[in-house]
1. So in region 317-331, with the set limited to residues that are surrounded by fewer than 24 Cβ atoms within 10 Å (Cβ to Cβ) and more than 9 Å from residue 74 (Cβ to Cβ), which one is farthest from the ligand (Cβ to nearest atom)?
2. Residues in region 177-231 that are more than 30 Å from residue 89 (Cβ to Cβ) and either part of a loop (DSSP other than H, G, I, E, B) or within 16 Å of the ligand (Cβ to nearest atom) (or both): how many?
3. Going by what's in this entry, would residue 89 be described as touching a helix residue (DSSP H, G or I) at 6+ places or on another chain (Cβ under 7 Å), within 14 Å of the ligand (Cβ to nearest atom), more than 30 Å from residue 259 (Cβ to Cβ) and in contact (Cβ under 8 Å) with a residue 24 or more places away in the chain?
4. Give region 354-378 a look and list any residue that's touching a residue at least 40 places away in the same chain (Cβ under 8 Å) and under 24 Å from the mean Cα position of the chain (by Cα), or say none.
5. Test residue 111 against the stated conditions and say whether it is within 16 Å of the ligand (Cβ to nearest atom), touching a helix residue (DSSP H, G or I) at 6+ places or on another chain (Cβ under 7 Å), modelled with pLDDT of 95 or more and over 30 Å from residue 394 (Cβ atoms).
6. Modelled with pLDDT under 95, touching a helix residue (DSSP H, G or I) at 6+ places or on another chain (Cβ under 9 Å), closer than 16 Å to residue 317 by Cα and crowded, with 24+ Cβ neighbours inside 10 Å: does that describe residue 73?
7. Working only within region 43-68, note down all residues that are surrounded by fewer than 22 Cβ atoms within 10 Å (Cβ to Cβ) and either within 22 Å of residue 328 (Cβ to Cβ) or without any contact (Cβ under 8 Å) to a residue 40 or more places away in the chain (or both).
8. Please verify whether region 354-376 includes one or more residues that are within 16 Å of the ligand (Cβ to nearest atom), modelled with pLDDT of 95 or more and touching a helix residue (DSSP H, G or I) at 6+ places or on another chain (Cβ under 6 Å).
Ligand code: PHE
């Protein structure tokens, strides 16, 4: 059975790996700047609602589909008797490749910042825009990062990631906690906290909802089958419902904490919260500088090093998608599948790398109909893959679970390792959300935003 494909050693191993996939740049790099762009608290509230009401039930369903079928995402639907639905999985592999193409680049910046902090170069925060356009340097770090991911995935997932996730994730949480405490002692802490936590619904609009939804899927590694693939390595003895709850709470908790840490810092540095993708890169070095040269270099380099590891456990789960697909479907050797996918991902990343000012064409890549400003290539692929296709994948998973696979079969799988499940509150909650909340909400947002953002047709 699963043994030939490798299994996680126990529930903790699975949770560590899945939480390792979920927790990454999405929490500490992307979440804060999306909150900053989305007007602060308004974004946060919508995001939290999406995570718990919509995403958690879908997350549990993805893991169940993977474990039941014992297959990676695109092949998971056939053993359940619904081969046509494989398209969801194929779309997921496509999303993973696209996401990885830009994720790697940001991970490269993080790795570069680790070195800069080690050297005590706190000034780099003021030169972020020049830094990302030093293509030779940034490109080198990107390649280094991709090679590390490729090496671990070529060794087989279960062995590779468990080890990392178990030790380094708790350490990352500790350092963020310490930094949050430091942030709260700063003079401008209140300003940051007000921006982040005091509800201001005047900032709420369709774009905020659209981005908060995309962020919730992106952060939980949802909607592309990453957790299906991990679920396929999970033993029948384990309780998916509780593991899923832990993964969701850890992921959302770390993002929330990252916000609590960053906004006091942002305001104390006099940086605009709408700073975009550079937000943490512009803010954090100045903070480390206030700690003095030695302590600043230690804490600063540790922060970016741990963030690199958090990114690594996420890139591993992303690269695993095309690799597991090639191995399972086309019987390509794992090592070869890893190198083919990595090469494609690297090439696809080039426009994103050049789109931060280096190339005018990729920097002002596209102006959506009716929009004021053009977006760069990285934002464009983020909109396509993570903000649009991931929630669409989630929509398909919920429809699949209720109308094709059927609730009884889903519940039967969720009862493995959790015999009392069908009579619990969570069972009602999951069943209700998958049927009555996910399809209408995701479907409506998908249609409205695709029409408005990509075609300029305003419905509301
Ligand atoms: N969830 C990861 C993060 O927050 C990114 C990711 C998305 C990983 C989709 C796997 C699949 O950084």
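1. 331
2. So the answer is 9.
3. Considered against the rule, which asks whether it is touching a helix residue (DSSP H, G or I) at 6+ places or on another chain (Cβ under 7 Å), within 14 Å of the ligand (Cβ to nearest atom), more than 30 Å from residue 259 (Cβ to Cβ) and in contact (Cβ under 8 Å) with a residue 24 or more places away in the chain, residue 89 comes out as yes.
4. Across region 354-378, the qualifying residues are 354, 356, 378.
5. Yes; evaluated as a whole, the condition is true for this residue.
6. Yes: the conditions hold for residue 73.
7. 49
8. No: region 354-376 contains no residue that is within 16 Å of the ligand (Cβ to nearest atom), modelled with pLDDT of 95 or more and touching a helix residue (DSSP H, G or I) at 6+ places or on another chain (Cβ under 6 Å).
The values are calculated or read from the model by the stated rules, or taken from the named source; none is laboratory data. Just so we're clear, the structure is a prediction, and the values are computed from it rather than from any experiment. FYI the Cβ positions are ideal-geometry reconstructions off the backbone, even for glycines, and counts take in every protein chain you see.
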